[in-house]
Amino acid sequence: AGRLNSNTRQAGEILINGRKETLAFGTSAYVTQDDALMTTLTVREAITYSSILQLPDAMPASEKKRRAETTIREMGLQDCIDTRIGGAWSAAKGLSGGQKRRVSICIEILMRPKLLFLDEPTSGLDSAASYHVMKRIAHLARHEGMTVIASIHQPAAEVFHLFHNLCLLCSGTTVYFGPASLAQQFFATSGFPCPPQRNPSDHYLRTVNKDFDEHDSTTTAEESIEILVKSYQSSEISQQTEQQVAAICRLGKATRHRTMQKGSQASFVTQCSVLTRRSFVNMYRDLGYYWLRFAIYLGLCFCVGTVFYDVGHDFGSIQARGSMLMFVAAFLTFMTIGGFPSFVEDMKIFGRERLNGHYEVGSFVFSHALSSIPYLIIVSLIPGAVAYLLVGLQRTSQQFAFFGTLLFLCMLLVESLMMIVASIVPNYLMGIMTGAGIQGLMILSAGFFRLPHDLPSWFWKYPMYHVAFHKYANQGFYKNEFLGLEFPRMMENAGAMIGGEEILRDVWEMEMGYSKWVDLGVLAGMVVVYRAVFWGVLKFGEKIKPILRGGGSTKRATSVDVDACSDGENVV
């Protein structure tokens, strides 16, 4: 299905209707073994959002809703249609594992793809649910002319009989590939008949399992497998299969090249609109996404306000103001890494949906940034106002508006940075450590703990000091606060005053050649750059992975005929 890791090499050829073709959106779908679902949504919401994303804009909204509800009923989920999916990070229990698996199947069959891959679709289901789910899929395959390829473990006899063809593997070797109805006869003629009252699929797996090497006969597992492989290679079933593959390949070369028709996606505007609404709902319902951070920020800002309460305008308040603003610029924004687990979950869902072609990378990047803005405004302005008022910074509307805007941009920028990390290091612990390490370097070289003129030129000043966003955040906060204020030069000499501009230039060694609005603009530009880098990383990953795994040797051709489904034998 084109899902190999970059360190895996593919041998042989995969042909669609006898030709090498790319599986386009709408022609194939893959239901993974792991259910990557948005846990805060209900079943109805998850499938409805997905239907709007996948189905074309030309289809009426009522038809998309009807398709979603019909698919829900087909998978037997009508009783839990308004239940939240739930997961490890959610407070509610949510759906069972089997119900989640059926939700995953629902999402991928909305487009009625010609080729459907199912990785253990019955995992987590009881025998009755397994039968009904596979029966619905087999019915859908016949009705829609779909080819279904599924891996399945320990199917019940009723489920096994729903499959038209069987591919039995042992350590990568083909033991049997042909009609499922003839497998029992093949094993019997090869000397391994299925005992009475035993499920045929259990007998097949037990015969080719060499991990435990327990057999009723005197032959070992290795010997049994070798006998079956040789028997299959010389069998009439194998010859017929090879002839069918060769016929499909000849037909593909003889006919005029016709690529599989790509399904019609929703427009970019529709994708952005749906993804923004879905992400906004997820952020609102997920307490760990913003609300827990909001509570912690509120508590921290109250602590900052009490530590630096009514800082005043004496000589000692210069250092106090600088320390307070540095804490806000560095450590408050540093805690944005607390949302990293939620970012990783978002990336898992994006990976599944993007591989199945539900939407474009740009739609995801833009909608995620847009949906987070209202929450980041709340998280930055309200706690920031608590600290600002308690400390007694310049109490004018212009100064406070600049302070809040700058803090908001810093949090948006750090969140953009952590999304880049989440796209490269999709692991909770490693990602948090990586993000913390990057921000630690930026804080260290921002010009507070070591003044800019004292920083070593190599690496720390060039380039770290100039690329660290804390430099521009500190300069913006400091210029916003100190300009227009005067302080006594020494505590015992109340007559001599020092201006805020002199403090910025001589004490904090700020760059005074431009205003605070330039620092604000630089941070806004860095947000755009970081989001563009995030987009570039995702796009680069899509382009480079097929190149990295494209070095396999060609040994054998396997062809899937997705057009020849009229005979109904289309579930493998």
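We did not get these values from a lab; they are worked out from the coordinates using the rules stated. Owing to the predicted nature of the structure, the values given are computational and were not obtained by experimental measurement. When we count neighbours, we look across all protein chains shown, and the Cβ atoms used for this are built from the backbone with ideal geometry, even at glycine.
Here are the numbers:
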| quantity | calculated |
| --- | --- |
| Diffusion constant of region 1-55 at 25 °C, which comes from Stokes-Einstein with the Kirkwood Cα-pair radius and 0.890 mPa s, µm²/s | 170 |
| Mean Cα-pair separation over length for region 75-157, i.e. relative contact order, pairs under 8 Å, 6 or more apart, % | 30 |
| Label-point gap, in nm, between Leu298 and Leu441 - each point 7 angstrom along Cα→Cβ | 3.7 |
| Two-decimal Rg/Rh across region 45-100, once Rg and the Kirkwood Rh are taken from alpha-carbon atoms | 1.04 |
| Kirkwood Rh and Cα Rg combined as Rg/Rh, region 358-401 | 1.27 |
| Label point at Leu451 placed 7 Å out along Cα→Cβ; residues across region 510-537 whose backbone nitrogen lies under 15 Å | 510-512 |
| Protection proxy ranking of 362-373, 323-334, 153-164 - average other beta-carbon atoms within 10 Å, highest first | 323-334, 362-373, 153-164 |
| Sequence-distant residues sharing a close amide H with Cys170 (under 5 Å, placed H) | Val175 |
| Relative packing of peptides 268-278, 396-406 - highest average C-beta neighbours within 10 Å first | 268-278, 396-406 |
| 10 Å-binned pair-distance histogram of region 396-439 (Cα, whole percent) | 28, 36, 21, 14, 2 |
| Cross-link reach list, aspartates and glutamates versus Lys65, counting only Cα pairs under 17 Å and skipping chain neighbours closer than eight places | Glu45, Asp57, Glu74, Asp82, Glu108 |
| Phi to ³J(HN,Hα) by Karplus 6.51 cos²θ - 1.76 cosθ + 1.60 over region 498-510, Hz, x for Gly, Pro | 10, x, x, 5, 5, 4, 4, 7, 9, 8, 9, 6, 7 |
| Gain upon complete extension [Met433, Ala532; 0.36 nm per residue less C-alpha separation] | 33.3 nm |
| Length added when fully stretched, Arg3-Gln233, from 0.36 nm per residue minus Cα-Cα | 79.9 nm |
| Partners for Lys210 among aspartates and glutamates (Cα-Cα distance below 17 Å; same-chain residues under 8 apart left out) | Asp202, Glu222, Glu223, Glu226 |
| Under 19 Å from Lys348, Cα to Cα: lysines that are on another chain or at least 8 residues apart | Lys100, Lys539, Lys543, Lys545 |
| Gyration tensor over alpha-carbon atoms, the chain, equivalent ellipsoid semi-axes in Å | 61, 24, 22 |
| Region 417-478-region 314-373 distance, computed between alpha-carbon centres (Å) | 15 |
| When the convex hull of its Cα atoms is projected in every direction, mean area for region 376-453 (nm²) | 6.9 |
| Computed over the chain: relative contact order in percent, which uses C-alpha pairs under 8 Å that are six or more apart | 23 |
| Charged-residue dipole, Cβ positions (Lys, Arg, Asp, Glu), the chain about Cα centre, Debye nearest 20 | 1300 |
| The chain - mean residue ellipticity at 222 nm from DSSP helices (-39,500 (n - 2.57) per run, n ≥ 4, rounded to 500) | -17000 deg cm²/dmol |
| Net lengthening on full extension, His143/Ser171 (0.36 nm per residue, minus Cα-Cα) | 6.6 nm |
